[in-house]
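Have a look at the structure below before the remarks.
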Amino acid sequence: MLNWTRRDFIKAGGASLASGLAGAPFVASGAARKARVVVIGGGYGGAIAAKYVKRLDPQIDVTLVERNKHYVSCPFSNEVLSGERDIESLTFDYQGLAARDIRVIHDEATAVDPVRKTVSLKNGKALEYDRLVVSPGIQFNWKAIEGCGPEMEKTMPHAWKAGEQTLLLRKQLEAMKDGGTAIIVVPPAPFRCPPGPYERAAQMCAYFKHHKPKSRVLILDANTAMSKRPLFEQAWAALYPGMITWTPASNSGKVLRVDQSKRTLVTEFDSYTSDVINFIAPHKAGQIAHIAGLTDAAGWCPVDPFTMESTKHKAIHVIGDASAAGDMPKSAHSAGSQAKATAAAIVAAINGQTAPNPYYVNTCYSLVAPDWGFSVAGLYKADGDKIAAIPGSVVISPTDVAPFTRKEEAAFGLSWLANITAEAFS
Amino acid sequence: MRKSPLLSIVAFCGVVAASSPFAAEINIVGLANTCNSCHGMDGFSAGQANPSIGGQSADYLNKVMREQRSGERYSSVMGRLLKSYTDEEIAALADHYSRQEWRAAVQERQLRLSLRGKRVHNMVCKKCHGAKDNKAKDETIRLGGQWAGYIQAVLNRYVDPKYQRPSDEMAEAVNSLSPEDIEAVSHFVASNK
Ligand SMILES: Cc1cc2nc3c(=O)[nH]c(=O)nc-3n(C[C@H](O)[C@H](O)[C@H](O)COP(=O)(O)OP(=O)(O)OC[C@H]3O[C@@H](n4cnc5c(N)ncnc54)[C@H](O)[C@@H]3O)c2cc1C
């Protein structure tokens, strides 16, 4: 522990941990083999993990496996729906990471053998690892609601993975007649970005207000609580009065069945239809986490709160949305924070040291208009067998503020995006 | 580079901070890494509105963070984040960031804005902040080269009487600035490296 804290890696410009420590497993007497870290998934979690492993110890051989050539950021993708920004402004590639001596393989990981410590790729090859990071994000649990299936993506886009889906939803909004009601279906918690659906409702209205002033948004929510509720309700009333209706589960808002051919959504007492249905299905950990045997009965990956190492398989760390990270919400900021703790734990383990204290932080900005933003911030720590919120630390922006505060937080939100995407992809 | 012996001990040996809800022992690399998603790598912000913090003086950073934590200094998010940090953690962070290299904001110079900003700077800011203000100093912000978006945010706060302003004199000197002057002087200061 003391060894670790005594080294100021950053000051040394990312110089290596002196790799000659006695007992360090990968530098034994001459015949040194570089330690290998493989990362599955190049989203916020995986990209930041790969970057920090390399930064903390450049001697480690780091490989990132990501199926897509480009990553489209979900954060701020609701602004694509309002027309405030284009999808290109949220699209990143992996050249920045490649330039840092991280091997980037664009392929799909199809299997993991935790005993042999290998990852199989779709192209038939296999990668060996000493430590594996799994950050595949989420997949949809279509079976959770009667009548649902992946084919719905084409007709009732979720736009909960940014890119084509976001553009399809935008197109449907454009095609909608003025006076229509767009429906957002919110899945039961836990889902990625708890404030996301309510921010989305506002961003849809930002578009309606200027182009289809008689149109409305209806939120059918499988939950009874709303993230940042006082802030959203205040903003909706001020900016989009009468345009947004929130129907929580307690008010028959939970969708129980879908009839795809008739485009109807059935709740306990009601049934709804619309030309625009943004159907966000219930979530579970990304497919590869299930294939690798990392998930629990709820469909998420339990981890050691100090190191994010899977409690199912040794030497595999699961981070980001796929992990069951206790009190931490599923967000890009959380994923990055977990990635940094994981990178430190992995570098320590590879160098035969104890993992340093993890520090977990979350923040999430919501923009309901270009000049109206607010945030939630919270600190978390490893506490026994879970990651727990530090009491009193999870706080939202105050509601009683001068207008410039909202404008300022919108600007800080944009800066957050600039910084976290630079942290991940450059 | 400033080096206070006390801070060095804090930062490099790990102290037992019994009251920290975060962790028993300070791991400064891990702690400082949590700032990167908002303040950039090594404290050089990639966004216009969040301040760069790498290369400010340790005394200034320490003072600002303590005041943000107590609420003495208005902040939108820092006060909420720092609430659970101990004095030792804040001191270690201040020390850490003061050792990073200061990197000036990169912005495209807009001539008209810059000329107007220079005028405002000469008339209003210079007498207190100096002509360049591009060195780290005890307990004062290094202004030259800070991001325009952040300076603008600070001045917007200063012209609104609803917020506590850390310097009464500065409040008096800047409170009649127009939004256009604020935009212009912020632009000028950012390029004044
Ligand atoms: C509309 C919306 C708005 C949001 N806004 C915010 C916000 O403002 N702030 C915030 O902090 N968070 C926000 N989020 C949440 C954020 O997007 C996620 O929490 C974050 O992306 C999680 O990162 P991750 O690494 O776990 O997963 P992802 O970012 O989903 O990345 C997973 C990656 O893994 C790849 N992958 C998966 N399986 C394989 C495989 N088998 N082989 C190869 N590659 C694979 C995928 O292609 C993908 O690139 C928002 C989400 C949404 C939907």
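Some observations on this one:
- Filtered residues of segment A:363-395 (kept if surrounded by 24 or more Cβ atoms within 10 Å (Cβ to Cβ) and more than 10 Å from chain B (Cβ to nearest Cβ)): A:Cys364, A:Ser366, A:Leu367, A:Val368, A:Ile387
- Test for A:Lys212: is it more than 15 Å from the ligand (Cβ to nearest atom), buried (at least 18 other Cβ atoms within 10 Å of the Cβ) and either closer than 28 Å to A:Ala410 by Cα or within 14 Å of chain B (Cβ to nearest Cβ) (or both): yes
- Breaking point among (1) of a type outside the set (D, E, K, R); (2) farther than 29 Å from A:Phe425 by Cβ; (3) surrounded by fewer than 23 Cβ atoms within 10 Å (Cβ to Cβ); (4) within 13 Å of chain A (Cβ to nearest Cβ), for B:Ile26: (3)
- Any hit, segment A:86-97, residues being at pLDDT below 95 and either under 21 Å from A:Asn357 (Cβ atoms) or more than 16 Å from the ligand (Cβ to nearest atom) (or both): no
- 1 or more residues without any contact (Cβ under 8 Å) to a residue 40 or more places away in the chain and away from every other protein chain (no Cβ under 14 Å): qualifying helices (runs of 4 or more DSSP H) within segment B:83-167: B:87-98, B:111-120, B:126-129
- Output for segment A:67-88, where each listed residue is closer than 24 Å to A:Gly373 by Cα, in contact (Cβ under 8 Å) with a residue 12 or more places away in the chain and of a type outside the set (Val, Ile, Thr): A:Ser73, A:Cys74, A:Pro75, A:Phe76, A:Ser77, A:Asn78, A:Glu79, A:Leu81, A:Ser82, A:Gly83, A:Glu84
- Taking segment A:56-71 as the range and being within 13 Å of the ligand (Cβ to nearest atom) and surrounded by fewer than 21 Cβ atoms within 10 Å (Cβ to Cβ) as the test, the residues that pass are A:Thr63, A:Arg67, A:Asn68, A:Lys69, A:His70.
For (1) closer than 14 Å to B:Cys125 by Cβ; (2) within 17 Å of the chain's Cα centre (by Cα), each residue gets a yes or a no:
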| site | (1), (2) |
| --- | --- |
| B:Gln146 | yes, yes |
| B:Ala153 | no, yes |
| B:Leu177 | yes, no |
| B:Asp181 | yes, no |
| B:Phe188 | yes, no |
| B:Lys193 | no, yes |
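- Qualifying residue in segment A:309-324 (condition: more than 8 Å from the ligand (Cβ to nearest atom), within 14 Å of another protein chain (Cβ to nearest Cβ), in contact with a helix residue (DSSP H, G or I) (Cβ under 9 Å, 6 or more places away or on another chain) and touching a residue at least 40 places away in the same chain (Cβ under 8 Å)): no
The values are calculated or read from the model by the stated rules, or taken from the named source; none is laboratory data. Predicted model only: the values in this text are computed from it and were never measured. Neighbour counts run over all protein chains shown; Cβ positions are idealised from the backbone, glycine included.
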